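**Q** So that we are looking at the same thing, I have put the structure below in structure tokens.
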Amino acid sequence: MHIKILYNTDKIKDQLPFIESQKDFLEKNGMFFYFPFDLKKDNFAKQIEEDKKRFEVKHIEEILNKEINKKEALIFKYLKEYNSNIGLFEFVDEYTCFLSFYGCYGYYNFPNEIFVSVCAEPDFIFETIIHELIHLLIYKKTKEKSHQEIESIVDSVFIKSDLKKIFPNYKA
């Protein structure tokens, strides 16, 4: 199993309508999000280029790829060991993590896409990638549950599995 981390402008553009549709939910729940424009009015291509420079996305992409290369095997080992006791996860061979500037800290598209914001420190971004990976792993068995129930399950996996050895500062 592998997590591929990349920055892709076209993927960001494709996700903008979805992110815009989530603004009310994120605001209502007091969640972080960054979305500096109105898609009907603003030149989002120009904004993307400005944010690419502002957030130094290529540098963050390099840092995250180094981290995932060092820790990926151990992460999947811990997840498989934890799953052997609960039987909740469904794995696929490859996950793609797209770096963005927009939306909340992270979200996912089943079965294998992760989106994370580079509007945070690299350690937190890396932790968010694994948080969203867990969402993908439990998706089929939890898709009928409430947002809060699903987040509780993800937090429980982080806290009760050996992932806490890699991410000792994880906060539920």
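The values are calculated or read from the model by the stated rules, or taken from the named source; none is laboratory data. Please read these numbers as outputs of a predicted model, since none were measured by experiment. Using ideal geometry, Cβ is built from the backbone for each residue, glycine included, and neighbour counts are taken over all protein chains shown.
**Q** What are the residues in the range 141-172 that are without any contact (Cβ under 8 Å) to a residue 24 or more places away in the chain, in a loop (DSSP other than H, G, I, E, B) and farther than 18 Å from GLU90 by Cα, if any?
**A** Residues satisfying the conditions are SER146, PRO168, LYS171, ALA172.
**Q** Now for a separate question. Take the residues in the range 56-82 that are within 17 Å of CYS97 (Cα to Cα) and of a type in the set (A, V, I, L, M, F, W, C), then tell me which one is surrounded by the most Cβ atoms within 10 Å (Cβ to Cβ).
**A** Among them, the one singled out is LEU64.
**Q** Next up: Test ILE60 against the criterion of being modelled with pLDDT of 95 or more and closer than 25 Å to ASP155 by Cβ, and give yes or no.
**A** Criteria met by ILE60.
**Q** Here is a list: LEU99, LEU79. Which entry is among the aliphatic types (A, V, I, L, M) and closer than 22 Å to PHE35 by Cβ?
**A** None of the other options fit; the residue is LEU99.
**Q** If you go through the range 99-118 one residue at a time, how many are part of a loop (DSSP other than H, G, I, E, B), over 14 Å from LEU64 (Cβ atoms) and either without any contact (Cβ under 8 Å) to a residue 24 or more places away in the chain or out of contact with any Pro (no Cβ under 9 Å at 6 or more places or on another chain) (or both)?
**A** Total satisfying the criteria: 4.
**Q** Sticking with this one: On the basis of being surrounded by 11 or more Cβ atoms within 10 Å (Cβ to Cβ), within 20 Å of ILE150 (Cα to Cα) and not polar (S, T, N, Q), does TYR34 make the cut?
**A** It is false that TYR34 is surrounded by 11 or more Cβ atoms within 10 Å (Cβ to Cβ), within 20 Å of ILE150 (Cα to Cα) and not polar (S, T, N, Q).
**Q** I need a count of the residues in the range 57-88 that are of a type in the set (Asp, Glu), over 17 Å from ASP10 (Cα atoms) and in contact (Cβ under 8 Å) with a residue 24 or more places away in the chain.
**A** Going through the range 57-88 one residue at a time, the tally reaches 3.
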